[in-house]
Structure formats: structure tokens, C-alpha cells
1. Just to confirm the filter: which GluC sites (Glu not before Pro) across the stretch B:124-171 are DSSP coil and have at most 16 other Cβ within 10 angstrom of their Cβ?
2. For chain A, what is the accessible area per residue in Å², given a 1.4 Å probe and the full set of protein chains?
3. Leaving out ligands, DNA and RNA but keeping every protein chain, what accessible area does residue A:55 have, in Å² rounded to the nearest 10, with a 1.4 Å probe?
4. Would you please give the residues with an amide H less than 5 Å from that of residue B:117, counting only those at least 5 places away or on a separate chain, with H modeled from the backbone geometry?
5. So what J values fall out for the stretch B:155-172 if you push phi through Karplus, 6.51 cos²θ - 1.76 cosθ + 1.60 with θ = phi - 60°, rounded to Hz, Gly and Pro as x?
6. What's the FRET efficiency of residue A:33 with residue B:130 using the Cβ-Cβ distance as r and R₀ = 30 Å, to the nearest 0.05?
7. For the pairing of chain B with chain A, what total accessible surface becomes buried, with a 1.4 angstrom probe, in square angstrom to the nearest 100?
8. At each listed q (0.12, 0.13, 0.17 Å⁻¹), what is the log10 of I(q)/I(0) that the Debye formula gives for chain A modelled as equal alpha-carbon point scatterers?
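The values are calculated or read from the model by the stated rules, or taken from the named source; none is laboratory data. Predicted, not measured: the structure shown is a model, and the values here were computed from it. Reconstructed Cβ throughout: ideal geometry from the backbone, glycine too, with neighbour counts over all protein chains shown. Side chains are part of the model used for accessible areas, which takes the heavy atoms of the whole protein and leaves out ligands, DNA and RNA. Shrake-Rupley method; radii C 1.70, N 1.55, O 1.52, S 1.80 Å.
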Amino acid sequence: MSWLMPDCKESHRLAAEGLDRELTRTERMRLRIHLAMCASCTNFTRQVNLLRAAIRSFPGPDQR
Amino acid sequence: MVNTTTEANAPPNADFIRELTAMRPKLLSFARLQLRDSHAAEDAVQEALLAAMEQAHRFEGRSSLRTWVTTILRNRIIDHFRRGRREVQLDDEDGAEDLASFDGLFTEKGRFRERPGDWANDPEATLSERQFFEVLEACVTKLPAQTGRVFLMREWLELSTDEICHELGISSSNCWVILYRARMRLRECLELNWFGARR
């Protein structure tokens, strides 16, 4: 794809890899540009972030 | 909040012990998911609860008791991994593979075939629902054993992928595939059983 605007597939890969390694500055910028214009990838990125936040706050709110 | 004792050597009060005991089943189910070994899980939970009782005077009520004990348990489990490093069998379906499944999500032009659901109007609200965590736990339980374990090491114990590879003796590309697959499955499971049903 274009050097400036990665496609969903590449953005998806970057979003997933970004959870386990630090992305380079260029990768971050490419991802950010794509997310600004793509609702699908924005939703996906939010999903994996929420998943992470949820596991980290397990077992959840107090049962009171 | 429970009124804990302030003296280091005084025994914790009855309410404190009662609350701790009530948490045991939940802690145990999580330790089992993580360790995949009920003896080790029993031990880890036992140790965590004893440590919590011993250190009751240090519990300041700033976080909830559950969060505090969970943190202690998490550290016990990390210790357990560090003590006995074992070779681990990968689940059959956990083996490395090309990411063909990855391609299935996208059109030839590299666009999503199906838009992922919108989950995060209000993440705080989701994370304050107890039922959500029950669904999440059920989804994690459904993961293949090794997948669930690697995923929880990464997300719950917050180990780096390097540490996980090292502890479990798996390659980093394997580790990455396992994590990716775990996330995709959990995403699907939560969409099906929680978010989709609430849209």
C-alpha cells in the first residue's frame, strides 16, 4: 500500500503487535493516520485495548 | 471497608478472615486457569491467603481487599513459574502456523470484510459490571490450555513476551501467534456473549 496510508490489514497487524512490542515511530505514525480515517480499525484497536484493561482489572468490581 | 488490625503481630480480625475465605473459590479458579495444575493452584492460593493474613496490618484499604489479595496471588504465581521452569507441550492447535487465518479477515484490497463491533462507548461502565467479568472468565476458560496460559501470563501477570518465551521454552514467533489467536478468540467470545447482545 501507499507509504503514507497503510491498509486495514497492515494496521491490524500493527495494532496487534503494538500490544507486545514497542512500535517504531514510523509504525506508530502510520497506524495513527490510518485509525483517524478508519472506523473498522478504530473499533478493533479499542476492542483489544478493552480486553487488556479488563484482564488487568480482573476479578472486577467488589461484590458489594 | 473492613477494619483491619494495626499491630503487626496481632491476629487479623474475624471479618477480615471471613472476607478472605469468601474469596478463595474465585482466586482458585483463576490460579487453575493460569497454572493448569490444581495442586499448584491450591498451594499458590493457600500461600497468598496466608500472606494476606500475616500482612493484614499492611492493608490500608486504599484498594479493595480483593485487588490487594489478587496482587499477592499474582506474585505467588510468578514465583511459581520462576522456580520450576518446565518444558511445555504446545496444544496441537497452538503450534506455529502461517497466519492464513489473518488473511481471512480481509478482502484482497486489504480492507476488513466485516467491521469489528463498537465496544468502547464507555469502557469504565463495562469494567464496573460484575457480570461482564463472569462472561470474560468463561471466555478465558474456553481457550485451549496453553493458549489461555500464555495469554494470562502476558495480560494478567504482565510478563513480557521475552520472559514468557524464556519461561515456557517457546519461540517468540510462536508466542506471538498464540497471543494473537487468544485475543481474536476472546474478542469473538465477548462480542457474541456480551457486546453483541447489548447493542
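1. Listed in order of number, the matching sites are B:129, B:158.
2. Computed with neighbouring chains in place, this is 51 Å² per residue.
3. Surface accessible to solvent at residue A:55 totals approximately 0 Å².
4. none
5. Once θ is set to phi - 60°, the couplings for the stretch B:155-172 become 8, 9, 7, 6, 7, 6, 4, 4, 4, 5, 4, 5, 4, 9, x, 10, 6, 5 Hz.
6. That gives a FRET efficiency of 0.20.
7. Counting both chains, the buried surface is close to 3900 Å².
8. -0.36, -0.40, -0.60
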